[in-house]
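Presented below is the structure to which this report refers.
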Amino acid sequence: MDSTRQQKFSRLIQKELGDLFQREGKSFYGQNFVTITSVSVTPDLSIARVRVSIFKAVKPQDVMVMINKNSHEIRLKLGKRIHNQARIIPALQFFLDDSLDYVDKMEEVFKKIVIPPAPDKD
């Protein structure tokens with residue numbers, strides 16, 4: 001269970017990274033639609049594990065490679081945004097959150113299932 005301090009710091013990072021990705025994301029990952037789904041930080045606040053969701057990308061792993069390649073620049077820009085609120089700017093580790101893709105696939109499966117009508121009870 002995360003402490004209150006970790007939870008507040010996680011929310012701050014998620015908010016600021018979300019805004020950063022919305023405003024300057026094209027330079028980090030191209031024309032893809034990327035959102036920050038969650039952030040968790042270690043107890044010492046030195047590492048932030050960031051889960052990102054990539055919508056409708058043909059190859060989401062390629063987008064993740066671009067994000068990870070630019071993680072140093074992303075961390076610098078995050079640092080400029082939160083330097084008044086945090087002593088430590090955490091190292092960023094990005095992970096693909098494919099839960100929404102899974103939901104889409106499951107919805108497609110459910111649409112294909114045909115349920116026969118219930119027999120009449122006479």
Practice prompt. Looking for whichever is open to solvent by 30 Å² or more (accessible area, probe 1.4 Å), touching a residue at least 40 places away in the same chain (Cβ under 8 Å), part of a loop (DSSP other than H, G, I, E, B) and under 30 Å from residue 1 (Cα atoms) here; the options are 93, 85. Which one fits?
Written response: 85
Worksheet entry | Qualifying residue in segment 27-39 (condition: more than 15 Å from the chain's Cα centre (by Cα) and touching a residue at least 24 places away in the same chain (Cβ under 8 Å)) | yes
Discussion item. Filter segment 55-80 down to the residues that are of a type in the set (Lys, Arg) and open to solvent by 70 Å² or more (accessible area, probe 1.4 Å) and list them by number.
Written reply: 56, 59, 69, 75, 80
Fill in: Sole exception among (1) assigned to a helix (DSSP H, G or I); (2) closer than 27 Å to residue 2 by Cβ; (3) of a type in the set (A, V, I, L, M, F, W, C) for residue 65, by number
(2)
Item to complete: Please work out if residue 50 is in contact with a strand residue (DSSP E or B) (Cβ under 8 Å, 6 or more places away or on another chain), on the phi < 0 side of the Ramachandran plot and at pLDDT 95 or above.
Response: yes
Item to complete: Answer yes if at least one residue in segment 34-41 is part of a loop (DSSP other than H, G, I, E, B), modelled with pLDDT under 95 and touching a helix residue (DSSP H, G or I) at 6+ places or on another chain (Cβ under 9 Å), and no otherwise.
Response: no
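The values are calculated or read from the model by the stated rules, or taken from the named source; none is laboratory data. All values derive from a computational prediction rather than experimental measurement. Cβ atoms come from the backbone with ideal geometry, glycine included; neighbour counts cover every protein chain shown. All accessible areas refer to the heavy atoms of the entire protein, side chains included, with ligands and DNA or RNA removed. Shrake-Rupley method; radii C 1.70, N 1.55, O 1.52, S 1.80 Å.
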